[in-house]
Amino acid sequence: MVFYGEGWKYFRVWIANVALTLATLGLYSPWAKVRTRRYLYGNTYFGNESFDFTADPVSMLPGRLIAVALIATLWVADLFSPLVYGFSLYYFAGLLAFAPILPWVVVRARSFNLRHTRWRNVGFAFHGTYREAALWYPIAILAGIASMGLAWPWLRWRRDQYLTDNSSFGLTQCRLAGDSGGYYGTYAGSVGIVIGLMLPCLFIAGKLMPAVGPFFATIITALPFFLASVYITVRLANYRWSNTTLGGTRFRLRLSVMQMFWLYMSNMVLIAATAGLFIPFARLRVFRYRLSRFEVFLAQDIATFQADPAASPSALGAAISDGFEIDVGA
Amino acid sequence: MRIHAELYDGSVTTGRPVVLSAAPGGRLRIEDGGTIREHAYAEVRIASRIADTPRRVTLADGSGCIATDNDAIDALDVALARAAPAQARGRRFRRGVDRLARLLDRDALGVAVALTVAVGILFAASRWGAPALGTAIVSAVPPEADAPIGQQLVDALDQIRLFQPTALAPERQDSLRRAFGDIRGDLGVDARLEFRQAKLLGPNAFAVAGGTVILTDAIVEIAMHDEELVAVLAHELGHVRERHWLRMVAQSAAIVVIWTAVTDPTLATLAAVAPSQLLELSYSREFEREADEIAFDYLTRNGIRPTRLQDLLKRITASCGEHCDQASWLSSHPPVEERSGD
């Protein structure tokens with residue numbers, strides 16, 4: 001996998017997106033999303049061909065408008081809600097009311113994003129059912145809370161297995177091997193990071209407080225949590241990709257936690273220093289680094305991946321026109 | 001104009017070279033091995049241009065021709081649309097949007113225009129848009145709706161015991177309530193005064209939604225003169241009269257909307273935190289200035305030295321040393337030097 005994107009070229013795509021999104025009060029955002037994806041995917045080459053993102057922005061618009069209306073309703077409910085021990089009652093009631101449709105949204109969004117991702121005109125796909133999504137989304141989240149987090153690595157592992165095992169490239173299925181041990185190790189490590197660094201960071205923040213002020217002191221105390229979240233993201237992604245197979249084809253992802261942490265931190269500083277103008281460059285830095293650490297070990301001829309006849313592009317066109325697309329959360 | 005492309009028929013990841021060109025009558029000609037086919041313009045979809053990424057020409061049967069010569073494909077698209085205007089009409093909207101985007105990301109001039117538009121809109125939105133939205137919301141939400149919100153906040157703080165019952169003598173409370181009643185009548189607002197002990201919050205005063213003003217025991221005790229507290233109460237009632245809490249809510253909602261519109265919810269969400277907080281800080285300073293002006297006006301009209309407010313602020317600063325501006329009234333109010341004394 002090679003990435004040929006260039007910072008200044010992406011900057012041009014990005015600033016045009018920002019200007020049009022602002023000028024249309026957000027109505028342009030589906031176009032912005034598709035153009036961004038097409039720039040990133042179109043510059044990601046495997047073999048001699050790049051990836052493609054083929055979604056139609058017009059079909060994404062109704063789904064986005066509904067999502068915005070729901071969020072706005074939640075905000076207003078939050079504002080006029082009675083408080084119970086400082087928690088906004090209507091807000092949490094609203095979140096609970098949203099729980100039954102969460103699996104539907106997850107399945108639709110993942111299916112949308114994979115279906116429109118193509119390589120050599122063969123599409124990816126997601127076959128997960130709503131029923132199983134209901135198990136791994138709202139129910140698993142509640143079970144994780146009920147177990148005080150102890151069951152969470154296992155639940156997260158099964159959820160990732162559900163997502164990977166139901167994904168395919170054409171007729172070739174993805175499989176996630178391994179076990180939940182890697183997930184438990186990662187979460188234990190993140191707890192270790194927080195416990196180990198918390199006191200030193202509090203001490204340093206206390207010492208520097210008079211010099212740097214409360215804003216930066218708060219950032220210093222938040223560093224262990226940020227490092228821990230990067231650690232979880234990186235370690236889980238490495239584990240997951242390195243245990244994924246596509247037919248006989250294997251993958252390997254070897255991101256370094258410290259390298260990613262450095263990229264995020266330096267990006268934040270540069271974005272703040274340039275009043276946001278560094279955002280497109282920051283995004284490319286992370287994207288390029290991820291791809292540079294990603295390896296594919298093909299087990300079959302690159303030209304022999306079969307498409308799923310049931311998901312042929314012409315059949316898809318009809319399916320898309322009679323329903324709208326949902327693309328939240330990806 | 002002949003464009004070399006790779007055709008993938010959508011059944012397997014094998015491609016074959018083809019040549020695309022414009023045939024008379026707005027038809028797309030495809031030279032595919034030994035055969036030549038033609039497709040009506042309405043049957044083909046030409047993907048919009050994104051910088052120099054490969055373009056896809058999708059045919060009616062779902063096969064895709066992928067080509068890298070972007071300029072040639074642009075020319076092909078224009079030639080076909082011109083030769084078959086009736087078929088191009090149905091695509092006018094999509095083509096128009098793509099052409100607009102292309103104008104902005106094509107060259108340095110487009111980037112300059114896009115940058116100017118983006119900065120201009122952000123500036124106008126923060127300077128006039130958000131305050132105007134605040135005013136519109138303030139006039140749309142009836143004042144009766146405010147009261148339960150503020151009362152719920154006070155109840156919640158009582159519940160978590162951040163607020164404890166006051167230890168002030170009833171006579172002291174009554175005299176301050178009388179002073180409060182005078183200011184309330186003068187400013188023409190509906191409001192209540194309550195006292196609480198709140199050790200974590202230091203010498204402090206708040207105005208919550210619906211007009212409840214709260215003084216902590218500490219701020220009452222640190223005052224050397226009742227007029228200092230009158231100045232604080234006039235300031236807080238200024239917030240109440242202008243319904244600043246509702247404006248703050250409206251403005252932070254506007255800022256969230258702008259930021260989610262500008263950035264995809266990825267890395268940018270992390271980065272977006274700092275600028276939005278800066279914006280919010282400057283808004284609240286504007287509100288503080290407004291409340292100061294209302295207090296200043298009240299004090300001068302009633303023959304009270306306006307510097308009473310600064311006397312109190314200076315004493316708070318002196319009493320709690322270097323680390324105190326974490327929780328006291330100072331934390332939500334600009335430093336002493338910045339407050340209007342004139």
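Of the residues making up the stretch B:63-72, those that are open to solvent by less than 20 Å² (accessible area, probe 1.4 Å) and not in a helix (DSSP H, G or I) are B:63, B:64, B:65, B:67.
Taking first residues from the stretch A:50-62 that are modelled with pLDDT under 90 and partners that are surrounded by fewer than 20 Cβ atoms within 10 Å (Cβ to Cβ), the Cβ contacts under 6 Å between residues at least 6 apart in sequence or on separate chains come to A:59/A:320; A:59/A:324; A:62/A:324. Only one entry in A:187, A:130, A:91 is aromatic (Phe, Trp, Tyr) and crowded, with 19+ Cβ neighbours inside 10 Å, namely A:187.
All of B:52, B:98 fail the test of being outside any loop (DSSP other than H, G, I, E, B), within 12 Å of chain A (Cβ to nearest Cβ), within 16 Å of residue A:13 (Cβ to Cβ) and in contact (Cβ under 8 Å) with a residue 12 or more places away in the chain, apart from B:98.
For residue A:293, indicate whether it is open to solvent by 40 Å² or more (accessible area, probe 1.4 Å), away from every other protein chain (no Cβ under 13 Å) and at pLDDT 75 or above. Considered against the rule, which asks whether it is open to solvent by 40 Å² or more (accessible area, probe 1.4 Å), away from every other protein chain (no Cβ under 13 Å) and at pLDDT 75 or above, residue A:293 comes out as yes.
Please determine whether any residue of the stretch B:19-26 is within 14 Å of chain A (Cβ to nearest Cβ) and open to solvent by less than 70 Å² (accessible area, probe 1.4 Å). Can you show your working first?
Taking the stretch B:19-26 first, the residues within 14 Å of chain A (Cβ to nearest Cβ) are none.
No, every residue in the stretch B:19-26 fails to be within 14 Å of chain A (Cβ to nearest Cβ) and open to solvent by less than 70 Å² (accessible area, probe 1.4 Å).
When we screen B:60, B:42, B:5 for residues that are part of a loop (DSSP other than H, G, I, E, B) and either more than 26 Å from residue B:104 (Cβ to Cβ) or open to solvent by less than 70 Å² (accessible area, probe 1.4 Å) (or both), the only hit is B:60. All of A:69, A:55, A:32 fail the test of being within 10 Å of another protein chain (Cβ to nearest Cβ) and within 28 Å of residue A:279 (Cβ to Cβ), apart from A:32. Report yes if residue A:43 is at pLDDT 90 or above, crowded, with 16+ Cβ neighbours inside 10 Å and facing chain B (nearest Cβ under 7 Å), otherwise no. So residue A:43 passes the test.
For the stretch B:201-222, the set of residues classified as under 18 Å from residue B:315 (Cα atoms) and not charged (D, E, K, R) consists of B:201, B:202, B:203, B:204, B:205, B:215, B:216, B:218, B:219, B:220, B:222, listed by residue number. Would the stretch A:156-166 turn up any residue that is touching a residue at least 60 places away in the same chain (Cβ under 8 Å), in contact with a Gly (Cβ under 8 Å, 6 or more places away or on another chain) and closer than 30 Å to residue A:310 by Cα? The answer is no; no qualifying residue exists.
Count, please, the residues in the stretch B:200-228 that happen to be under 22 Å from residue B:153 (Cβ atoms) and either touching a residue at least 24 places away in the same chain (Cβ under 8 Å) or in a helix (DSSP H, G or I) (or both). Walk me through how you get there before you give the answer.
Going residue by residue through the stretch B:200-228, those that are under 22 Å from residue B:153 (Cβ atoms) are B:200-220.
From the residues that got through so far, the ones that are either touching a residue at least 24 places away in the same chain (Cβ under 8 Å) or in a helix (DSSP H, G or I) (or both) too are B:200-215, B:217-220.
Going through the stretch B:200-228 one residue at a time, the tally reaches 20.
Taking the listed residues B:75, B:124, B:88, B:130, the one that is open to solvent by 30 Å² or more (accessible area, probe 1.4 Å), more than 12 Å from chain A (Cβ to nearest Cβ) and either aliphatic (A, V, I, L, M) or closer than 30 Å to residue A:78 by Cα (or both) is B:75, with no other qualifying.
Residues that are of a type outside the set (S, T, N, Q), open to solvent by 20 Å² or more (accessible area, probe 1.4 Å) and not in a helix (DSSP H, G or I) within the stretch A:1-25 comprise A:1, A:2, A:3, A:4, A:6, A:25, listed in sequence order.
For the stretch B:138-158, which residues satisfy the criterion of being β-branched (Val, Ile, Thr) and either farther than 20 Å from residue B:251 by Cβ or within 11 Å of chain A (Cβ to nearest Cβ) (or both)? First the steps, then the outcome.
Taking the stretch B:138-158 and keeping what is β-branched (Val, Ile, Thr), we get B:138, B:141, B:149, B:154.
Hits for the stretch B:138-158 are B:141, B:149, B:154.
Residue-level check: of (1) over 30 Å from residue A:174 (Cα atoms); (2) more than 21 Å from the chain's Cα centre (by Cα); (3) surrounded by fewer than 19 Cβ atoms within 10 Å (Cβ to Cβ), residue A:266 misses just (2). Within the stretch B:137-146, if we keep just the residues that are over 10 Å from residue B:208 (Cβ atoms) and in a helix (DSSP H, G or I), the residue that is most open to solvent (accessible area, probe 1.4 Å) turns out to be B:144. Of the helices (runs of 4 or more DSSP H) that lie entirely inside the stretch B:234-321, those containing 1 or more residues that are under 24 Å from residue A:76 (Cα atoms), within 9 Å of another protein chain (Cβ to nearest Cβ) and modelled with pLDDT of 65 or more span B:244-262. The stretch A:100-208 holds strands (runs of 3 or more DSSP E) entirely within its bounds, and those carrying 1 or more residues that are among the aliphatic types (A, V, I, L, M) and in contact with a helix residue (DSSP H, G or I) (Cβ under 6 Å, 6 or more places away or on another chain) map to A:122-126, A:172-176.
Could you please let me know if residue B:190 is touching a Pro at 6+ places or on another chain (Cβ under 9 Å), open to solvent by 30 Å² or more (accessible area, probe 1.4 Å) and more than 22 Å from residue A:75 (Cβ to Cβ)?
Values: touching a Pro at 6+ places or on another chain (Cβ under 9 Å): yes; open to solvent by 30 Å² or more (accessible area, probe 1.4 Å): yes; more than 22 Å from residue A:75 (Cβ to Cβ): yes.
Yes.
I need a count of the residues in the stretch A:159-184 that are over 27 Å from residue A:116 (Cβ atoms) and surrounded by fewer than 19 Cβ atoms within 10 Å (Cβ to Cβ).
Adding up the residues that qualify gives 7.
Given the criteria open to solvent by 60 Å² or more (accessible area, probe 1.4 Å), within 14 Å of chain B (Cβ to nearest Cβ), charged (D, E, K, R) and part of a helix (DSSP H, G or I), does residue A:64 qualify? Answer is yes for this residue.
Scanning the stretch A:250-283 for residues that are of a type in the set (Val, Ile, Thr), within 12 Å of chain B (Cβ to nearest Cβ) and either free of Cβ contacts under 8 Å to residues at least 60 places away in the same chain or in a strand (DSSP E or B) (or both) yields A:269, A:271, A:274.
For residue B:166, indicate whether it is more than 11 Å from chain A (Cβ to nearest Cβ) and open to solvent by less than 60 Å² (accessible area, probe 1.4 Å).
yes
The values are calculated or read from the model by the stated rules, or taken from the named source; none is laboratory data. Owing to the predicted nature of the structure, the values given are computational and were not obtained by experimental measurement. Methodologically, a virtual Cβ is constructed for each residue, glycine included, from the backbone with ideal geometry; neighbour enumeration extends over all protein chains shown. Heads up: the accessible areas ignore ligands, DNA and RNA and are worked out on the full protein's heavy atoms, side chains in. Shrake-Rupley method; radii C 1.70, N 1.55, O 1.52, S 1.80 Å.
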